[in-house]
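Report on one structure; see the data block that follows.
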Amino acid sequence: MVHDALTQCLECDLLQRMPPLGPGSILRCVRCGALLRRHRPASLDRTLALTLAGLILFVAANGFPFLALEMRGQVQATNLASGVFDLYREGMWGLAGAVLFTSILAPGLQLFLLLLVLVPLWRGRLPAGFGRLFRQVKTLAPWGMMDVFMLGILVSTVKLADLAEIIPGAGLYAFALLILVLAAAQASLDPDIVWSRIPLPPRRPPQPGEPTLVCHCCELISPWNLPPDARDRRRCPRCGAILHHRKPRSLQRATALLVAATILYLPANLLPIMQTTSLGQVQSDTILSGAIYLLQSGMWPLALVVFVASIFVPLLKILILALLLASIRWGWNWRRRDRTRLYRILELVGRWSMVDIFVVTILVALVQLGNIANVVAQPGAAFFAAVVVLTLLAARSFDPRLIWDGRQERDHGARPRT
Ligand SMILES: [Zn+2]
Ligand SMILES: [Zn+2]
């Protein structure tokens, strides 16, 4: 079939011919440099084995004791979800929900859905709704933040080092292994192999020179033969995602989310994110004062990590998004490839800002020793989590193909390039 040898870039919309992939090879878009395909050996078998291992580790990480804190003979033991319950009890349910989703639900669901997809595939069967199930695996992937949570554990442990002794439990070791296994599973999974197993109803392949539409999820290319008013309401025949030429109202949505994030950035940084009571002394910490504390304790590498992740990255995200949105709003033509690169940076670094939220969650769970020592989350943390989530959503609503649209008109008719 003609359309099997073609691929359409999700970042610049260019239709191009795909040479066969050799072992270990990588295919990049000729125009914007986006990663199009990567060869992954024994993809299905490896991913299935890693997914099974991941599920066992997931149960262990949640079931076994996670971290314990010992101070003046008192021991406070926690498991992975303890912080979420404590935040919820303190009335910070939005924050609790964000932490629960990113550190437990999203990775767990992702593993479970992968198993539901891979086991039937391995047995040579395709259950009903297979494409839709696999689509959810892709949707959930960016929201799993166990690696960021692990960094949060490291920062919390250093913060508590002078105060108390931290005892790692079996759950923590399982969690650390789970991060590696999940990363390996994601790296070995070749979505194209999974998608290619789904039989498609007979359809007309796009003709040379005909404008085409690519599914943002499974990357199936369809001819763009619909009347303009129906273009945004058609579903992909393979994965069920709604097909659209550009993400709907991309500029308006991204701008609204960005404005909201920028407004909340102020209380997120000015208000305290947590309050520590230690032997009668009460201390409130903002994001910045937390980083300064680490610096004063001589932990400058960690202070740098916290400063970059919590202060520099959110600001950088806001500035990059504002620049990209302005460049499209006013139709700037310069440096399309570099602006696409900026967009990729945005996608890559966004999640690491959650680290301080996880630090608060872990400290709230661990430090609950009544009058001796106690940590309570403060409103700044909720504002900060909202900034991170809003900027992540803004980046996701932004359509990088808009950067290339000025050119698109000139070479539309999408000639395949090699
Ligand atoms: Zn491209
Ligand atoms: Zn699709």
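The values are calculated or read from the model by the stated rules, or taken from the named source; none is laboratory data. What you see is a predicted model, and the numbers here were worked out from it, not measured in a lab. Don't worry about glycine lacking a Cβ; one is built from the backbone with ideal geometry, like all the others, and counts go over all protein chains shown. Note: areas computed on protein heavy atoms with side chains; ligands, DNA, RNA excluded. Shrake-Rupley method; radii C 1.70, N 1.55, O 1.52, S 1.80 Å.
The candidates 151, 15, arranged from most to least accessible area with a 1.4 Å probe in the full protein assembly, appear as 151, 15. Accessible area of residue 192 (1.4 Å probe, protein heavy atoms only, ligands and nucleic acids ignored): about 50 Å².
For the range 335-380, the average shadow cast by the Cα convex hull is 4.3 nm², which is a quarter of the hull's surface.
Among the lysines, select those whose C-alpha is under 27 Å from the C-alpha of residue 247, and discard any that sit fewer than 8 residues away in the same chain. Partners within reach: 138, 317. Karplus-derived 3J(HN,Hα) values for the range 256-262, using 6.51 cos²θ - 1.76 cosθ + 1.60 with θ = phi - 60°, are 4, 5, 5, 4, 4, 5, 5 Hz; glycine and proline are entered as x. Charged side chains reduced to their Cβ positions (Lys and Arg at +1, Asp and Glu at -1) give the chain a dipole of some 2060 debye around its Cα centre.
Antiparallel beta bridges, as assigned by DSSP with both residues in the chain, represent about 95 percent of the total such bridges. Computed over protein heavy atoms with a 1.4 Å probe, the accessible surface of the chain works out to 47 Å² per residue.
In the chain, excluding the sites themselves, the longest stretch lacking any of the chymotrypsin sites (Phe, Trp or Tyr not before Pro) that are in a DSSP loop with at most 13 other Cβ atoms within 10 Å is 1-329.
The portion of the accessible surface of the chain made up by carbon and sulfur, rounded to a whole percent, is 64 (1.4 Å probe; DNA, RNA and ligands excluded). Over all pairs of different C-alpha atoms in the range 1-150, the reciprocal of the mean inverse distance, the Kirkwood hydrodynamic radius, equals 18.9 Å.
What whole number of Å gives the distance from the Cα centroid of the range 236-283 to the Cα centroid of the range 328-377? A separation of 9 Å, based on Cα centres.
Heavy-atom accessible area for residue 247, with the other protein chains in place and a 1.4 Å probe, reaches approximately 60 Å². In sequence order, the range 280-285 has phi-based couplings of x, 8, 10, 9, 9, 10 Hz under the Karplus curve 6.51 cos²θ - 1.76 cosθ + 1.60, θ = phi - 60°, and Gly or Pro positions carry x. Near residue 359: Cβ cut-off under 13 Å, other residues only, Lys/Arg at +1 and Asp/Glu at -1. The net charge is -1.
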